[in-house]
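First up is the structure itself, then whatever we jot down about it.
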Amino acid sequence: MASLFDSVPYTPPDAIFELTKTYNADPSPQKVNLGQGTYKDEDGRPWILPAVAAAKEKVRSANHEYLPILGLAEFRARALELLFGGDADVTKQRRVASCQALSGTGALHTAGTMLYRAAQVGKETIPTVYITNPSWSNHRQVFESIGFPVREFNYTAADNSGVDMDSLTETLTQAPPHSILVFHASAHNPSGWDPTVEQWKTIGKIVKDRNLFPIFDAAYLGMTSGNFNTDAWTLRYFINDLNTEAAVCISFAKSMGLYGERIGLCAFVTSSRTTATAVESTLAQLIRVEISNPPAFGARVVAAVLGNEDIRAEWARNLVTMSGRIKGMREALYEGLVELGTPGKWKRITEQKGMFCILGLSLEAVSHLREKYHIYMADSSRVSIAGLNPGNVRYVAECIDKTVREKQARQ
Ligand SMILES: Cc1ncc(COP(=O)(O)O)c(C=O)c1O
């Protein structure tokens with residue numbers, strides 16, 4: 001008898017999660033996971049931030065009642081203050097609609113669903129969502145699954161020397177008004193290249209002049225430079241200085257190490273308090289039909305970190321530790337390759353920022369590293385620098401060196 005599922009096609013598994021699965025099953029003591037972007041300490045272990053450990057103590061006697069539909073009020077207020085700054089006009093004028101979200105991915109999905117709803121209510125044609133090329137592997141499918149057409153704009157220069165401003169500005173200048181642009185607020189994944197302040201100003205002018213709608217995917221704020229305010233400069237420039245409407249999707253997965261707690265915030269900065277009220281009422285309905293109300297634990301932890309002066313100061317130090325370790329590992333890998341005289345251009349490893357770096361290796365080299373040396377990285381040769389530590393970085397450099405040379409010898 002025919003089944004309801006007969007027409008369901010097989011969907012291949014997510015490449016990065018699959019890579020982690022293969023890595024976990026690999027019995028080799030030498031194995032190195034440079035795939036998934038999760039911070040690990042000097043010994044390669046998950047790190048519970050001391051600030052988070054202290055916050056957990058504060059919330060340990062909390063009950064297990066439902067949260068409000070839009071999330072924990074204290075978490076939302078603290079997260080908005082963190083994002084825009086204490087005395088931001090947008091907050092004082094109550095022009096922000098927000099809801100707690102299921103980490104960064106959930107925040108992006110909620111933002112997209114809200115924007116899709118807005119376009120339908122306004123009876124406009126559905127706007128195109130523009131994502132960077134390359135981008136985080138989930139961006140396209142998040143927005144396509146909602147129903148948006150998704151286009152890419154060239155982001156990284158062909159020789160991987162930085163942001164391709166010519167191509168980027170050309171695409172944005174041609175994008176129809178109300179097009180949606182997904183920007184990485186800091187530490188672009190996967191390229192590691194962020195626009196400079198001047199380049200952001202050029203992009204901001206186009207966004208403003210052409211009435212485009214930016215979504216800031218803020219998954220790494222604080223982890224890039226080690227200072228949250230420094231990393232939040234771009235989104236604050238658009239929102240506080242250029243006065244654009246925008247969405248901000250912040251994740252606390254990386255910056256507080258709360259990966260599995262799925263805690264984030266989706267915020268819409270609008271042009272008026274009335275609009276913000278309407279948008280927030282819609283967000284409440286979207287949440288109600290999807291999950292009824294969000295999970296409590298992560299929200300309580302983040303609120304306790306941000307709401308306590310001492311714990312917040314500890315978190316600031318923890319951000320310096322994480323970003324400093326990542327920078328240190330970039331240098332160690334670069335120096336290792338230079339010392340070995342490995343053929344290729346490696347300087348970008350230290351020039352790029354954040355958790356990721358594309359090494360520029362062929363798929364063949366990536367597979368070789370995986371099969372022969374148990375070093376796991378994405379097919380694009382994107383490496384998560386946080387997977388390196390003093391105990392494995394030399395091994396990784398040596399194996400890259402051998403792989404590159406073996407390939408040269410075969411040519
Ligand atoms: C650019 C970017 N955005 C969003 C996310 C979402 O992460 P999460 O849903 O775990 O907060 C990630 C995670 O890797 C990311 O790299």
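The values are calculated or read from the model by the stated rules, or taken from the named source; none is laboratory data. All values derive from a computational prediction rather than experimental measurement. In this analysis, Cβ positions are derived from the backbone assuming ideal geometry, glycine residues included, and neighbour counts consider all displayed protein chains. Accessible surface areas use protein heavy atoms only, side chains included; no ligands, DNA or RNA. Shrake-Rupley method; radii C 1.70, N 1.55, O 1.52, S 1.80 Å.
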Relative to the longest principal axis of the C-alpha atoms of the chain, give the angle of the C-alpha long axis of helix 273-290, reported between 0 and 90° and rounded to the nearest 10°.
60 degrees
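Given that compact globular proteins tend to follow 2.2 N^0.38 Å, what is the ratio of the alpha-carbon Rg of the range 152-235 to that value?
Taking N as the residue count of the range 152-235, the ratio is 1.06.
Just order 70-76, 218-224 by mean Cβ neighbour count inside 10 Å, highest at the front, would you? Can you show the working numbers first?
Working: 70-76: 20.4, 218-224: 26.7.
Listed from highest to lowest mean packing, they are 218-224, 70-76.
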Quick one: Karplus J couplings for the range 399-404, per residue in order, coefficients 6.51, -1.76, 1.60, θ = phi - 60°, nearest Hz, x for Gly and Pro?
5, 5, 4, 4, 5, 5
Set the Förster radius R0 to 35 Å, insert the Cβ-Cβ distance between Ser167 and Arg60 as r into 1/(1 + (r/R0)^6), and round the FRET efficiency to 0.05.
0.10
Once amide H atoms are placed 1.01 Å from N in the peptide plane, what residues at a sequence separation of 5 or more from Leu181, or on another chain, have their amide H within under 5 Å of its amide H?
Tyr130, Phe213, Ile215
Given a 1.4 Å probe and the protein chains all in place, what does the accessible area of Lys40 round to, in Å² to the nearest 10?
50 Å²
Could you calculate, for the chain, the ratio of the Cα radius of gyration to the Kirkwood radius, expressed as Rg to Rh?
0.97
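Which order, highest average first, do 236-245, 265-274 follow once you tally other Cβ atoms within 10 Å for each residue and take the mean per peptide?
The most tightly packed comes first, giving 265-274, 236-245.
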Counting only residues 5 or more places away or on other chains, whose amide H sits under 5 Å from the amide H of Gly162 once H atoms are built in the peptide plane?
Ala157
Along its three principal axes, how long is the range 316-381 when you only count alpha carbons? Whole Å, largest extent first please.
41, 23, 17
If amide H atoms are built 1.01 Å from N in the plane of the peptide, which residues on other chains or at least 5 residues away come under 5 Å of the amide H of Ala101?
Gly264, Leu265, Cys266
Rounded, prolate or oblate for the range 23-88? Axes are the square roots of the Cα gyration tensor eigenvalues, ordered a ≥ b ≥ c, and the cut-off for rounded is a/c under 1.5.
prolate
For the range 136-141, Karplus couplings with θ = phi - 60° (6.51, -1.76, 1.60), whole Hz, Gly/Pro x:
4, 5, 8, 4, 4, 6
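Pairwise over distinct Cα atoms, reciprocal of the mean inverse distance: report the Kirkwood radius of the range 14-54 in Å, one decimal place. All intermediate terms of the calculation are to be shown ahead of the outcome.
Working: mean 1/r = 0.0846 Å⁻¹.
When all Cα pairs of the range 14-54 are included, the Kirkwood radius is 11.8 Å.
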What are the extents of the Cα atoms of the range 252-335 along their three principal axes, listed from largest to smallest and rounded to whole Å?
53, 27, 25
Quick one: Karplus J couplings for the range 67-78, per residue in order, coefficients 6.51, -1.76, 1.60, θ = phi - 60°, nearest Hz, x for Gly and Pro?
7, x, 4, 7, x, 5, 4, 5, 4, 4, 5, 5
Tell me, in nm to one decimal, what length is gained between Thr196 and Ala53 on full extension, where the rule is 0.36 nm per residue of separation less the Cα-Cα distance?
48.0 nm
